[in-house]
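Scroll down for the structure; my scribbles are underneath it.
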């Protein structure tokens with residue numbers, strides 16, 4: 001005879017259980033609480049079951065409605081950033097939050113660490129199959145929170161290579177794209193940050209196999225992160241990671257210089 005292994009409870013299931021406890025203590029049904037919170041019953045049920053993450057602003061509102069003394073807000077605010085990230089990207093975020101170096105080559109969209117909120121939201125709006133509006137907003141919030149690494153006392157060194165086509169694709173419309181281009185310039189102005197553009201006529205080049213992110217940990221371990229649609233791979237084998245670094249180094253030599261890249265981006269801003 002063997003005992004059954006206890007089922008692991010996720011962070012959002014725990015948050016949902018606490019919310020359900022306080023709701024029941026207030027003698028409210030899910031329907032009544034949903035009406036007070038101006039949400040659908042399905043949304044309340046999803047949060048209580050841990051299928052939908054409770055956002056900080058919602059937690060603050062729920063604390064007030066349920067007179068919890070701020071418990072929900074504190075609970076959510078203490079969860080690590082990775083808990084707010086879609087599962088297949090959590091391996092990246094775990095290391096990204098403490099990385100001392102981030103090198104990123106992207107071929108389809110502006111890197112998440114440089115995105116504006118509106119550009120990010122537009123990207124999720126066009127996702128197929130469609131995301132629910134609440135789920136999309138949670139993912140947007142999580143991506144914006146990831147960018148706090150640039151505000152650390154000792155932020156990581158950041159270098160980005162972007163395909164020119166990314167900058168010419170008006171995701172979200174001209175106004176959203178103009179703001180996004182301006183943010184790329186602003187984010188990469190500090191001495192520890194830079195970006196390069198791979199011009200559209202530069203073919204073939206070393207990055208035709210697709211995007212990659214290279215990270216260096218505080219212990220100087222080097223990692224490579226690869227993402228394809230909804231699958232991702234975190235590579236830690238030194239020999240394999242070394243090959244990605246060689247590839248990235250070749251990309252840097254093939255792309256426009258940082259100064260040339262800034263001039264091209266300013267030219268695009270002048271056209272928009």
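Here are a few things to note about the model shown:
- Evaluating residue 149 against the criteria (1) in a helix (DSSP H, G or I); (2) touching a helix residue (DSSP H, G or I) at 6+ places or on another chain (Cβ under 6 Å) leaves one unmet condition, (2).
- Qualifying positions in segment 168-189 - touching a residue at least 40 places away in the same chain (Cβ under 8 Å) and under 29 Å from residue 246 (Cα atoms): 168, 181, 183, 184, 185, 187, 188
- Test: residue in segment 184-193 that is assigned to a strand (DSSP E or B), more than 16 Å from residue 269 (Cα to Cα), touching a helix residue (DSSP H, G or I) at 6+ places or on another chain (Cβ under 8 Å) and assigned by TED's automatic domain parsing to the domain that holds residue 255: yes
Each row is one residue, and each column tells you yes or no for (1) within 30 Å of residue 154 (Cα to Cα); (2) assigned by TED's automatic domain parsing to the domain that holds residue 249; (3) modelled with pLDDT of 90 or more; (4) in a helix (DSSP H, G or I).
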position: 39; (1), (2), (3), (4): no, no, no, no
position: 42; (1), (2), (3), (4): no, no, no, yes
position: 46; (1), (2), (3), (4): no, no, no, yes
position: 73; (1), (2), (3), (4): yes, no, yes, yes
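- Of the residues making up segment 98-115, those that are surrounded by fewer than 20 Cβ atoms within 10 Å (Cβ to Cβ) and in a loop (DSSP other than H, G, I, E, B) number 5.
- Residue that is nearest to residue 249 (Cα to Cα), among those in segment 179-197 that are crowded, with 16+ Cβ neighbours inside 10 Å and more than 20 Å from the chain's Cα centre (by Cα): 196
- Segment 154-169, residues that are loosely packed, with under 15 Cβ neighbours inside 10 Å and more than 22 Å from residue 217 (Cβ to Cβ): 165, 168, 169
The values are calculated or read from the model by the stated rules, or taken from the named source; none is laboratory data. The shown structure was predicted, so the numbers you read here are calculated from the model rather than taken from an experiment. As a convention, Cβ positions derive from the backbone with ideal geometry for all residues, glycine included, and neighbour counts pool all protein chains shown.
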